[in-house]
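Encoded as structure tokens, the structure appears first; notes follow it.
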Amino acid sequence: MTHTKEMNFDGLVGPTHHYAGLSFGNEASTRHRLMQANPRLAARQGLAKMKALADAGFAQGILPPHERPHLPSLRRMGFSGSDQEILARVAAAEPQLLSAVSSASAMWVANAATVSPSADSIDGRVHFTAANLHSKFHRAIEADTTSAILAAIFASPSHFRHHSPLIQNGLFSDEGAANHNRLGSFKKPGIQMFVYGKDMLGDATGPLRYPARQTLQASQAVARLHQLRPECSMFVQQNPAAIDLGVFHNDVISVSNEQVLFYHQQAFADTGAVREQLTRRLAALEQQFVPIEVPADRVSIADAVQTYLFNSQLLSKANGKMTIVVPEEVRGHRAVWETLNDLTADGSVIDQIQVFDLRESMRNGGGPACLRLRVQLTPDEYQAVNQRVIMTPARFDELNQWVDRHYRDRLCQQDLACPQLLNEVRTALDELTQLLGLGSIYDFQR
Ligand SMILES: NCCC[C@H](NC(=O)CCC(=O)O)C(=O)O
């Protein structure tokens with residue numbers, strides 16, 4: 001790597017991937033509740049995306065799954081006895097709780113943390129705040145392991161600064177990078193746009209039907225922790241009506257890359273003001289803003305939620321143009337596919353579309369962008385990253401074989417209490433930490 005670049009870290013799907021309807025407000029999660037899942041296929045689909053992007057020359061990393069079912073969480077709820085007894089008891093008493101502590105939701109690493117590049121922070125380091133994921137119980141239990149994983153991968157204190165998750169309270173509900181966009185050249189200071197669902201201390205109305213998962217207070221706290229210059233951070237409200245239509249994170253309705261923001265006309269509470277503010281703030285940094293707005297009369301919010309058009313990855317190519325990575329569902333929807341093709345026709349900064357089958361993840365409301373955490377790194381910082389988590393052809397083969405050895409091709413809620421599954425998971429994860437050189441990051445390893 002010769003200059004500052006973005007590296008994408010994708011979450012590897014865990015062996016207990018299943019559909020439990022745990023995320024009220026995320027309509028795919030609710031719709032596919034208790035459907036049979038295929039963890040092996042889910043992991044392979046994710047790996048195939050990582051491999052294809054690495055092969056195309058994009059820097060690609062891997063973030064490991066978490067330990068699930070998470071027995072320490074069950075013990076904290078008062079379940080006692082041997083691991084086997086605990087699993088049997090919770091399965092009989094509260095199967096939904098067993099699902100929650102077994103969810104593979106840590107795969108959606110866009111919610112793992114908020115990351116700020118060193119170019120934007122006063123101390124010149126890359127900052128990470130692991131998200132507390134307060135809004136959903138099954139996700140709130142991710143925060144500690146996420147912190148351990150990030151510390152194991154970005155270990156150098158002279159390059160990387162890690163902050164504890166925000167205090168677990170509704171006031172500071174934080175869902176990480178899914179509600180955060182960084183605009184501007186990778187090489188210079190840029191603008192960090194935090195998108196929140198609700199201002200807990202203000203009067204503006206939030207969504208009425210579904211929860212707002214990101215608060216303004218959380219976004220502001222992260223900006224302070226990351227030492228962002230006030231003129232380089234901005235806070236905008238997501239359109240509450242969009243949240244009520246199933247846009248549970250901002251990355252379901254907009255995505256940025258360098259100068260570009262690709263977004264739906266109704267993404268924000270005041271979309272015109274967002275456009276104007278970004279133009280002005282980037283101009284102050286002597287940079288241009290390139291908005292790509294999709295009008296509501298071409299793609300409705302419902303279509304955006306159904307296809308995940310905006311949950312795409314925009315990636316900078318060596319030729320100065322960008323590629324857009326979209327899920328198969330976009331190609332399957334005529335109006336959405338036509339719109340995307342029109343937008344990427346002659347002269348557009350986006351000159352390539354790449355389609356991936358991510359159906360296993362999509363059924364839980366996670367598209368290409370949900371599966372990745374963006375980290376912009378200078379060449380020096382890149383060298384300081386644990387090199388074992390970088391995707392290479394050899395790593396891809398090892399991981400695919402590892403998945404085939406350990407993952408089931410069918411999983412339902414009823415399978416979660418199976419003592420065998422717990423052993424399978426622990427054996428697999430123990431091997432994985434060795435493969436990726438991560439040390440002991442899981443509770444069962446301590
Ligand atoms: N960024 C995408 C996140 C998707 C995730 N879905 C879930 O957790 C669904 C799990 C289930 O219902 O089994 C969520 O809503 O946080």
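The values are calculated or read from the model by the stated rules, or taken from the named source; none is laboratory data. This one's a predicted model, so the numbers in the text were calculated from it and none came from an experiment. Cβ placement follows ideal geometry from the backbone for every residue including glycine, while neighbour counts extend to all protein chains displayed. Ligands, DNA and RNA are excluded from the accessible area calculation, which covers all protein heavy atoms including side chains. Shrake-Rupley method; radii C 1.70, N 1.55, O 1.52, S 1.80 Å.
Worth pointing out:
- If the chain linking residue 188 and residue 96 were pulled fully straight, counting 0.36 nm for each residue of separation and taking away their Cα-Cα distance, it would gain 28.4 nm.
- Estimated FRET transfer efficiency (residue 203, residue 85; beta-carbon r; R0 51 Å; 0.05): 0.50
- Between the beta carbons of residue 348 and residue 380, assuming R0 = 30 Å, the FRET efficiency works out to 0.35 to the nearest 0.05.
- Among beta bridges from DSSP that stay inside the chain, the antiparallel ones total about 50%.
- Net lengthening on full extension, residue 409/residue 333 (0.36 nm per residue, minus Cα-Cα): 24.6 nm
- Calculated mean residue ellipticity, 222 nm, the chain: -9500 deg cm²/dmol, from DSSP H runs (n ≥ 4) at -39500 (n - 2.57) each, averaged per residue and rounded to 500.
- Principal-axis analysis of the Cα atoms of the chain puts helix 393-406 at an angle of about 40° to the longest axis.
- Label zone (residue 24, point 7 Å along Cα-to-C-beta; backbone nitrogen cut-off 20 Å) within the stretch 118-158: 133-142.
- Alpha-carbon centroid distance for the pair the stretch 68-120 / the stretch 203-238, whole angstrom: 27
- Solvent-accessible area per residue, Å², over the stretch 138-254 with all protein chains present [probe radius 1.4 Å]: 35
- Where only alpha carbons of the stretch 2-102 are counted, the Rg and the Dmax (Å): 17.5, 56
- Under 17 Å of direct C-alpha separation, and excluding same-chain neighbours fewer than eight residues apart, residue 188 reaches these aspartates and glutamates: 6, 120, 123, 231, 258, 286, 380, 381.
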